1. Here is a list of conditions, (1) surrounded by fewer than 19 Cβ atoms within 10 Å (Cβ to Cβ); (2) in a loop (DSSP other than H, G, I, E, B); (3) of a type outside the set (Ser, Thr, Tyr); (4) free of Cβ contacts under 8 Å to residues at least 12 places away in the same chain, and residue 76 meets all of them except one; can you say which number that is?
2. I'd like the full set of residues that are part of a loop (DSSP other than H, G, I, E, B), of a type outside the set (Gly, Ala, Ser) and either in contact with a Ser or Thr (Cβ under 8 Å, 6 or more places away or on another chain) or over 26 Å from residue 17 (Cβ atoms) (or both), limited to the range 39-73.
3. Does at least one position in the range 30-42 carry a residue that is of a type in the set (Lys, Arg), over 23 Å from residue 145 (Cβ atoms), surrounded by 12 or more Cβ atoms within 10 Å (Cβ to Cβ) and touching a residue at least 24 places away in the same chain (Cβ under 8 Å)?
4. Step by step: first the residues of the range 45-90, then only those that are of a type in the set (Gly, Ala, Ser) and within 24 Å of residue 15 (Cα to Cα), then the one that is modelled with the lowest pLDDT. Which residue is that?
5. Please determine, by comparing only the residues of the range 2-29 that are touching a strand residue (DSSP E or B) at 6+ places or on another chain (Cβ under 9 Å) and outside any helix (DSSP H, G or I), which one is farthest from residue 57 (Cα to Cα).
6. Could you identify the single residue in 158, 173, 110 that is out of contact with any Pro (no Cβ under 9 Å at 6 or more places or on another chain) and buried (at least 18 other Cβ atoms within 10 Å of the Cβ)?
7. For residue 88, only one of the following conditions fails: (1) in contact (Cβ under 8 Å) with a residue 60 or more places away in the chain; (2) assigned to a loop (DSSP other than H, G, I, E, B). What is its number?
8. Please state which one of 133, 116 is over 16 Å from residue 23 (Cα atoms), of a type outside the set (Lys, Arg), modelled with pLDDT of 90 or more and loosely packed, with under 15 Cβ neighbours inside 10 Å.
Amino acid sequence: MRTPRSFDPVFLERLAELHGEIDARAGELAAVHGPLLVCRRGCSDCCQDGLTVLEIEAAGILAHRDRWAEPQAVPHPQGRCAFLTVDGACRIYPWRPYVCRTQGLPLRWLEEESPAHEGRSICPLNEREFTRAGVALADLEADRMWTLGEMEGRLASLQAEAAGEFALVRIPLRDLFG
């Protein structure tokens, strides 16, 4: 079981600000796609075990442990995210990591082998709705998708600055519940 080191609260505040920026952009995209996104409270198909987060995000989650860890709370059974409740809600929603904040949105990224080529993906449940509406992921304008890269880089830079080293230590989410 891995636990994150402690970080100066200033860095956790900066993490919260970065998460706020991510939420604002993700909210804009969610509004653009509206009813085509089936992601709602209780929709937890994407919330699988094995997810890891940067150490600073793990520390940010643990900083609020008193607000999400009920005395009798137990982790969700293996196979699903430990932080899911029985009804599929997220116990750490206000402090959830970056990857959870963009889940379900149409994603795009540049391929490392050929930067001129991009990959695209979306949650299968949302893809079904896009298809029903006649919206092809391949035809979406880039500004109507979440582009991977910038925010991950900013998060990695914050992690490195807070840790005083460029070591992108990752912590399994399940380890934080224990």
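1. All conditions pass for residue 76, except number (1).
2. 40, 43, 45, 49, 70, 71, 72
3. Within the range 30-42, none of the residues are of a type in the set (Lys, Arg), over 23 Å from residue 145 (Cβ atoms), surrounded by 12 or more Cβ atoms within 10 Å (Cβ to Cβ) and touching a residue at least 24 places away in the same chain (Cβ under 8 Å).
4. This residue is 69.
5. Checking each candidate, the answer is 2.
6. Criteria check complete, one pass: 158.
7. (1)
8. 133
The values are calculated or read from the model by the stated rules, or taken from the named source; none is laboratory data. All values derive from a computational prediction rather than experimental measurement. All Cβ positions, glycine included, derive from the backbone under ideal geometry; neighbour counts span all protein chains shown.
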